[in-house]
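Here the structure is laid out as structure tokens; the discussion comes afterwards.
Values in this text are rule-based calculations from the coordinates and carry no lab data. These numbers were taken from a predicted model, which means no experiment stands behind them. In this analysis, Cβ positions are derived from the backbone assuming ideal geometry, glycine residues included, and neighbour counts consider all displayed protein chains.
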Amino acid sequence: MLHRSIFGNPAHAGNTISREDANRLLLEWVPNKKLRHHMQQVAFLMKSWAEEKEQLGEADQWRWELAGLLHDADWDRWPDQHCNKIITELESRQVDPDILHAIASHGPVHFGVEPISKMDKMLYAFDELSGLIHAYSLMRPNGYKGMDINGVRKRLKEKSFASNVSRDDINDACSRAEHSLDELIGFIIQKQPGVEAF
Ligand SMILES: [Fe+2]
């Protein structure tokens, strides 16, 4: 629980950090390559959604992408300070409060912060579903190739598959985002395969 509801300073609206600085932070804070890859996947989903579904310009696409890229940045080294650590860091770098709010609300049950904006809701919706679909790709002989929505739905029903992925969170996130599960699964299957880990 974060026990706070205001993040960042409204005077810093629109501020971001560069891609170079974001990548440097990731490499320093997240030794676990798999976790970095997860954030890169979610970042690409956020950017692609902002561009294609919300028709946002490049500056906003980067804000969405940055929220995805850094949402778990403190999980590897400071799990007991998850979310607090990265938010404090980004506040000190005077980052846009909307980005901080999206990071703070990506797990309402865990952090006690409700997703409000579309960016908040999409980060929450993509997070767990992206992880489950990636886990599914790793157990398929051809990875993402030929993956379809029904296959993902079957994995979702199997409680033993990726059991750390909360099905309740996924359903809750879809209904808050007001998109069907099938639409989100279809989008992820289409976008996620091209994301390379660094
Ligand atoms: Fe995540």
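Quick look at the numbers
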{"quantity": "29 Å Cα-Cα threshold exceeded, pairs from Lys85/Lys159; Lys33/Lys159; Lys33/Lys145; Lys85/Lys145; Lys121/Lys191; Lys53/Lys159", "calculated": "Lys85/Lys159; Lys85/Lys145; Lys53/Lys159"}
{"quantity": "Kyte-Doolittle mean at least 0.0 and Cα axial length at least 30 Å: DSSP H helices in the chain", "calculated": "118-139"}
{"quantity": "Reach of Lys34 by Cα under 16 Å, taken over aspartates and glutamates that are not fewer than 8 positions away in the same chain", "calculated": "Asp72, Asp74, Asp76, Asp127, Glu128, Glu196"}
{"quantity": "Only Lys, Arg (+1) and Asp, Glu (-1) charged, at Cβ; segment 44-91 dipole about Cα centre in debye", "calculated": "40 debye"}
{"quantity": "Computed magnitude of the charge dipole of the chain (debye, nearest 20; Cβ of K, R +1, Cβ of D, E -1)", "calculated": "720 debye"}
{"quantity": "Selection from Trp49, Thr16, Ile149 lying farthest towards where the dipole of the chain points positive, charges on Cβ", "calculated": "Ile149"}
{"quantity": "Volume of the Cα convex hull of the chain, divided per residue and given in Å³", "calculated": "114 Å³"}
{"quantity": "Charge dipole magnitude, Cβ of K and R +1, D and E -1 - segment 44-146, Cα centre, debye nearest 20", "calculated": "400 debye"}
{"quantity": "Whole-Å semi-axes of the ellipsoid equivalent to segment 1-115 (Cα gyration tensor, √5λ, descending)", "calculated": "19, 17, 14"}
{"quantity": "Peptides ranked, highest mean first, by Cβ atoms within 10 Å: ranges 38-46, 85-93", "calculated": "38-46, 85-93"}
{"quantity": "FRET efficiency, 1/(1 + (r/R0)^6) with R0 35 Å, evaluated for Gln190 and Thr88 via beta carbons", "calculated": "0.50"}
{"quantity": "222 nm mean residue ellipticity, helices alone, for the chain (DSSP H n ≥ 4; -39,500 (n - 2.57); rounded to 500)", "calculated": "-18500 deg cm²/dmol"}
{"quantity": "Positive-pole candidate from Pro97, Asn84, Ser137, dipole of the chain, charges at beta carbon", "calculated": "Ser137"}
{"quantity": "Residues Glu54 and Asp182, FRET efficiency given R0 of 25 Å [Cβ-Cβ distance, rounded to 0.05]", "calculated": "0.85"}
{"quantity": "Label point distance in nm, Ile149-Lys33, each placed 7 Å from Cα along Cα→Cβ", "calculated": "3.5 nm"}
